[in-house]
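> Here it is, the structure in full.
The values are calculated or read from the model by the stated rules, or taken from the named source; none is laboratory data. What you see is a predicted model; the values in this text were computed from it and never measured. Glycine gets a Cβ as well: all are built from the backbone with ideal geometry, and neighbour counts include every protein chain shown.
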């Protein structure tokens, strides 16, 4: 029964009235009525605190038939909108802010054209967890493994916020099997490659390739950052691991967990497990053994190491490291699933359901079929009529996602408003 | 400018005045020099007492404040749990709050407590922080000085010496392909079993098994194959065919993977001709993560798993133990060399293993009845020849053909070691009237 349910879920993930062939027809409509160009510009311009910041930003387009073009740049939101309408990209990536406008890079010496700033980004991909999830693998996801992404968001967001002091963090669904994080503080955008790579290493706990079975080795005492992460995961770990994944539910699964233990504990546990009926009992037994007063020191952290190996966020250091690394833009449509890459509300991370994310076909359908939102100013015509049409998205499922983005923008705006005020004060001083 | 503690009269600028001109002019060598000076600085600084450290900080405008007692009490548990050896020293140790960007090495290793973007550094660890600043200052000063120098003819005698200093791995780098087309694709399976080092054998069989490899693996194995003499066309066919057995059809391959292979052969983008990785590079960088099969098996594989592997390759228990002894001692290249000896049934492998392609060549030589290279210093155990610092390889096409030198002669090795000793002790070469003086 569970298998059938999972299969159904996977199926709905894959189609939901969407198929890739529709992209060609639907994308123009999406870019016309849904993609928030104005807000996009507001975000990436960062209040104009730095000159020509938006204009010097690199974008890349992936066009139909996988044609990839880099070094796109735009003078304004309008120009971007025009170019996007012309090109109808299947995917857009955001790159770095360069020393010069990327589309004019040929006018400068190659050595003078440099990537200067970019948001600090993280990419968490479900495929990196294939060795610890049994329900799906590769590009598939389901309700039983999605909690891994919830853990990832909570753990990494806490560290970015509390340990590093970053205030403006935007989490976005990648459209299929993962999440991205954009850290937009000014200090984050100015970070060097060395700093980015150090942050990514600080956040990495899972170390080792296929040659390592045990990928987590905790020092004693455990670093406060990891302790905080464990605290965050503790509440939901049992529901995830014991119920959803049932990770001690059969012999094969048990062996995987036993492999992470020191030899003497493993022998004990193997024989204990054989007389226990389910994951819950096995896990309880393991915990009581490792936390017993007489337990040897090297047993003490075993159950935590197991938790971390199964649930701690796995991020791709290479994505975070490079100042000029391009990452998919929020509000793109994923070409395989049709899902919109929507921002995730940090206050409701547990409630985020990737299977409920609107698809491009769903949105276009809603536009035509849902009743108009009653708007007192709806009487205006012609030029205002354009504006009114743009607000149509509000009646669709995209409205919620836009609201999340708006609240992120509000906080961001407050930061550069303060900056601009201070700078104008400084100028007035003389 | 910095005032260096032990020699208050020696400032950064005097460091530069006595730097050899050729070092200043070359970016690679400047970086190497920087590393030497940084190591020296770290050593000297760590010898200082806290009183002079504080004076030093003041003198150099490093405004790192120590935390107030009440904050220290509030954070006691976190500070003890995050900082090595703090349990005993906590009460007497001062902590400084430093922007995390000034303490990247400590942040990277999670060796300190971090809050709101500030790293809490115990007094004893201040050296890393100060070192970063010193390095930046010196680097900037070197660059500025170098720009101001006129172009002078360089002394020929210095050239080969300095060129050797700039390479971490001495010896062939297999960058220029010999024997292109000598190997056919259908030989790869048998070659993998007979002559590939363990790292490349793992990658080859993981690829055959899963019809896919992740990026790190593709790079490490792909470049090795290039070093073997696989042409670009062969490489493309090889990867494309294997991937097609999995889920990547040729069209997808062309769009997603072919570009990177051409890039590795120097046919795209910057046209850098990438060189196959040496053992040092494989062991120290590009650590494998979940799903990865690359790296060095002796370094990156769990001991139990490694033993099983060696067993399946028909090594006896005593042979396995010998290999594992080296692994325990972290002598991964020696472990691999022992593995070579056991699998090829030779005693005392007379070559110093430092490169996977070298392993292959030695193996082929043996199997085809030839003798492998004898060591230059007979009777002495020669350590693998390496310079103290890893440095980026030059991408200049002209230089890559020059660097295809054979193993250094004994006299060159001696010269090399002498130079390293000089630099390590802070002695500096002075370039006076076309001769080289040690001072």
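> Looking at residue A:272, is it more than 16 Å from residue A:221 (Cα to Cα), assigned to a helix (DSSP H, G or I), without any contact (Cβ under 8 Å) to a residue 12 or more places away in the chain and not assigned by TED's automatic domain parsing to the domain that holds residue A:126?
Considered against the rule, which asks whether it is more than 16 Å from residue A:221 (Cα to Cα), assigned to a helix (DSSP H, G or I), without any contact (Cβ under 8 Å) to a residue 12 or more places away in the chain and not assigned by TED's automatic domain parsing to the domain that holds residue A:126, residue A:272 comes out as no.
> Now, a different point. Are any of the residues in the range B:22-39 in contact with a strand residue (DSSP E or B) (Cβ under 9 Å, 6 or more places away or on another chain), over 24 Å from residue B:113 (Cβ atoms) and at pLDDT below 70?
Checking the range B:22-39: at least one residue is in contact with a strand residue (DSSP E or B) (Cβ under 9 Å, 6 or more places away or on another chain), over 24 Å from residue B:113 (Cβ atoms) and at pLDDT below 70.
> Of all the helices (runs of 4 or more DSSP H) wholly in the range B:155-224, which have at least 2 residues that are surrounded by 17 or more Cβ atoms within 10 Å (Cβ to Cβ) and at pLDDT 95 or above?
Correct list: B:198-210.
> Is it the case that residue A:172 is closer than 30 Å to residue B:247 by Cβ and at pLDDT 95 or above?
Criteria met by residue A:172.
> Turning to a different aspect of this structure: Quick test for you: out of B:315, B:305, pick the one residue that is within 14 Å of chain A (Cβ to nearest Cβ) and either assigned to a helix (DSSP H, G or I) or buried (at least 18 other Cβ atoms within 10 Å of the Cβ) (or both).
The unique qualifying residue is B:305.
> Here's a follow-up. Which one of A:298, A:287 is at pLDDT below 90, outside any loop (DSSP other than H, G, I, E, B) and either within 14 Å of chain B (Cβ to nearest Cβ) or more than 30 Å from residue A:115 (Cα to Cα) (or both)?
Of the residues listed, the single one that is at pLDDT below 90, outside any loop (DSSP other than H, G, I, E, B) and either within 14 Å of chain B (Cβ to nearest Cβ) or more than 30 Å from residue A:115 (Cα to Cα) (or both) is A:298.
> Considering each residue of the range A:200-226, count those that are more than 7 Å from chain B (Cβ to nearest Cβ), within 27 Å of residue B:74 (Cα to Cα) and assigned to a helix (DSSP H, G or I), and give that number.
Residues meeting the conditions: 1.
> Checking residue B:297 against (1) away from chain A (no Cβ under 13 Å); (2) crowded, with 20+ Cβ neighbours inside 10 Å, which test does it fail?
Condition (1) is where residue B:297 drops out.
> What's the number of the only condition in (1) surrounded by 14 or more Cβ atoms within 10 Å (Cβ to Cβ); (2) under 30 Å from residue B:202 (Cβ atoms); (3) under 31 Å from the mean Cα position of the chain (by Cα) that residue A:219 fails to meet?
Here residue A:219 clears every test but (1).
> Then there's this: Could you check the range A:55-124 for strands (runs of 3 or more DSSP E) lying wholly inside it with 2 or more residues that are modelled with pLDDT under 95 and surrounded by fewer than 17 Cβ atoms within 10 Å (Cβ to Cβ)?
A:67-72
> Check off (1) in contact with a strand residue (DSSP E or B) (Cβ under 9 Å, 6 or more places away or on another chain); (2) within 30 Å of residue A:120 (Cα to Cα); (3) more than 8 Å from chain A (Cβ to nearest Cβ); (4) surrounded by 14 or more Cβ atoms within 10 Å (Cβ to Cβ) for residue B:78 and give me the number that stays unchecked.
The number of the failed condition is (3).
> If you don't mind, another one. Exactly one condition in (1) touching a strand residue (DSSP E or B) at 6+ places or on another chain (Cβ under 9 Å); (2) away from chain B (no Cβ under 12 Å); (3) surrounded by fewer than 19 Cβ atoms within 10 Å (Cβ to Cβ) is not met by residue A:141; state its number.
(3)
> Failed condition for residue B:288, given (1) surrounded by fewer than 20 Cβ atoms within 10 Å (Cβ to Cβ); (2) within 14 Å of chain A (Cβ to nearest Cβ); (3) in a loop (DSSP other than H, G, I, E, B), with all others met?
(1)
> Only one residue in A:161, A:270 is within 13 Å of another protein chain (Cβ to nearest Cβ), at pLDDT 90 or above and surrounded by fewer than 20 Cβ atoms within 10 Å (Cβ to Cβ), so which one is that?
A:161 is the lone residue from the list that is within 13 Å of another protein chain (Cβ to nearest Cβ), at pLDDT 90 or above and surrounded by fewer than 20 Cβ atoms within 10 Å (Cβ to Cβ).
> For the range A:248-259, enumerate the residues that are within 14 Å of another protein chain (Cβ to nearest Cβ) and not in a helix (DSSP H, G or I).
Passing the criteria: only A:259.
> Specify which of the listed residues (A:323, A:349) is in contact (Cβ under 8 Å) with a residue 60 or more places away in the chain, in contact with a helix residue (DSSP H, G or I) (Cβ under 9 Å, 6 or more places away or on another chain), in the same structural domain as residue A:36 (by TED's automatic domain parsing) and more than 24 Å from residue A:397 (Cβ to Cβ).
That would be A:323, the only listed residue that is in contact (Cβ under 8 Å) with a residue 60 or more places away in the chain, in contact with a helix residue (DSSP H, G or I) (Cβ under 9 Å, 6 or more places away or on another chain), in the same structural domain as residue A:36 (by TED's automatic domain parsing) and more than 24 Å from residue A:397 (Cβ to Cβ).
> Pick from the range A:227-247 the residues that are under 22 Å from the mean Cα position of the chain (by Cα) and within 14 Å of another protein chain (Cβ to nearest Cβ): which of them is surrounded by the fewest Cβ atoms within 10 Å (Cβ to Cβ)?
My answer is A:231.
> Something else now. What's the number of the only condition in (1) buried (at least 20 other Cβ atoms within 10 Å of the Cβ); (2) in a helix (DSSP H, G or I); (3) touching a residue at least 60 places away in the same chain (Cβ under 8 Å) that residue A:154 fails to meet?
Answer for residue A:154: the failing condition is (1).
> Here's another thing I want to ask about it. For the range A:170-193, does any single residue satisfy the condition of being free of Cβ contacts under 8 Å to residues at least 40 places away in the same chain, under 30 Å from residue B:296 (Cβ atoms) and within 11 Å of chain B (Cβ to nearest Cβ)?
No, there is no match, as no residue in the range A:170-193 is free of Cβ contacts under 8 Å to residues at least 40 places away in the same chain, under 30 Å from residue B:296 (Cβ atoms) and within 11 Å of chain B (Cβ to nearest Cβ).
> Related question: Any residue at all in the range B:264-275 that is at pLDDT 90 or above, in contact with a helix residue (DSSP H, G or I) (Cβ under 6 Å, 6 or more places away or on another chain) and either within 13 Å of chain A (Cβ to nearest Cβ) or surrounded by 15 or more Cβ atoms within 10 Å (Cβ to Cβ) (or both)?
Scanning the range B:264-275 turns up no residue that is at pLDDT 90 or above, in contact with a helix residue (DSSP H, G or I) (Cβ under 6 Å, 6 or more places away or on another chain) and either within 13 Å of chain A (Cβ to nearest Cβ) or surrounded by 15 or more Cβ atoms within 10 Å (Cβ to Cβ) (or both).
> Restricted to the range B:106-121, and to residues that are more than 7 Å from chain A (Cβ to nearest Cβ) and without any contact (Cβ under 8 Å) to a residue 24 or more places away in the chain, which residue is nearest to residue A:189 (Cα to Cα)?
B:118
> Let me ask you something else. Taking the condition within 26 Å of residue A:226 (Cβ to Cβ), assigned to a helix (DSSP H, G or I) and either out of contact with any helix residue (DSSP H, G or I) (no Cβ under 6 Å at 6 or more places or on another chain) or modelled with pLDDT under 70 (or both), does residue B:72 pass?
So residue B:72 fits the description; yes.
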